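Heads up, the thing below is written out as structure tokens.
Bear in mind these aren't lab numbers, they're just calculated from the coordinates by the rules spelled out. Bear in mind the structure is a predicted one, so any value in this text is a computation, not a measurement. For neighbour counting, all protein chains shown are included, and Cβ atoms are generated from backbone atoms with ideal geometry for every residue, glycine included.
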Amino acid sequence: MSGGLIWHCQAFDALKPRALYDLLRLRTEVFVMEQNCVFQDMDGADPACHHLLGERGGVLLAYARLVPAGLKFAEASIGRVVSDPSTRGTGMGHALMREAVRQLHALWGEQPIRIGAQAHLQGFYRQHGFETEGPPYDEDGIPHVEMLRR
């Protein structure tokens with residue numbers, strides 16, 4: 001199911017209202033509702049980021065936030081990585097990560113990428129070249145680890 005997506009990577013100010021609504025809805029559906037985690041999703045970083053949206057038939061199925069170096073970490077970062085629950089097990093998450101890395105390098109050049117990953121997803125991110133750095137930490141009640149792709 002990961003094939004046939006149309007990818008859009010846009011600066012915050014270029015997002016149309018529908019795209020912004022769709023990405024916030026998907027982030028809320030998964031990170032707040034599904035994971036039962038009350039946290040401040042709109043953290044002030046979105047306006048400084050680029051937003052990667054994967055759509056099929058006008059429906060948002062995958063999303064990631066591309067964060068410039070110096071905003072969240074010293075390195076550039078990929079965050080808010082999420083795919084629609086209906087796409088689980090189809091390879092959508094892997095397609096999203098491949099495209100996110102490609103787009104980040106296209107925007108800001110080849111460079112290391114640091115992420116704050118949910119600890120249980122370390123195996124997934126290792127498949128995309130990320131290595132765990134440092135001990136687990138709690139973020140909004142969910143164990144996380146920093147990972148770096150050199």
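Using equal-weight Cα scatterers in the Debye expression, the normalised intensity of the chain in log10 at q = 0.15, 0.18 Å⁻¹ is -0.75, -1.15.
Suppose R0 equals 41 Å; then what is the FRET efficiency for residue 13 and residue 139 from their Cβ-Cβ distance, rounded to the nearest 0.05? After rounding to 0.05, the efficiency reads 0.90. Helical content alone sets the calculated 222 nm signal of the chain at -6500 deg cm²/dmol, taking -39,500 (n - 2.57) per DSSP H segment of four or more residues and averaging over every residue. Where the alpha-carbon atoms of the range 1-55 are placed on the principal axes, they occupy 32, 30, 16 Å, in descending order. Between residue 34 and residue 88, full extension at 0.36 nm per residue minus the direct alpha carbon distance yields a gain of 18.1 nm.
Distance from the alpha carbon centroid of the range 121-139 to that of the range 1-70 works out to 21 angstrom.
The value of relative contact order for the chain, using C-alpha pairs under 8 Å at least six residues apart, is 20 percent.
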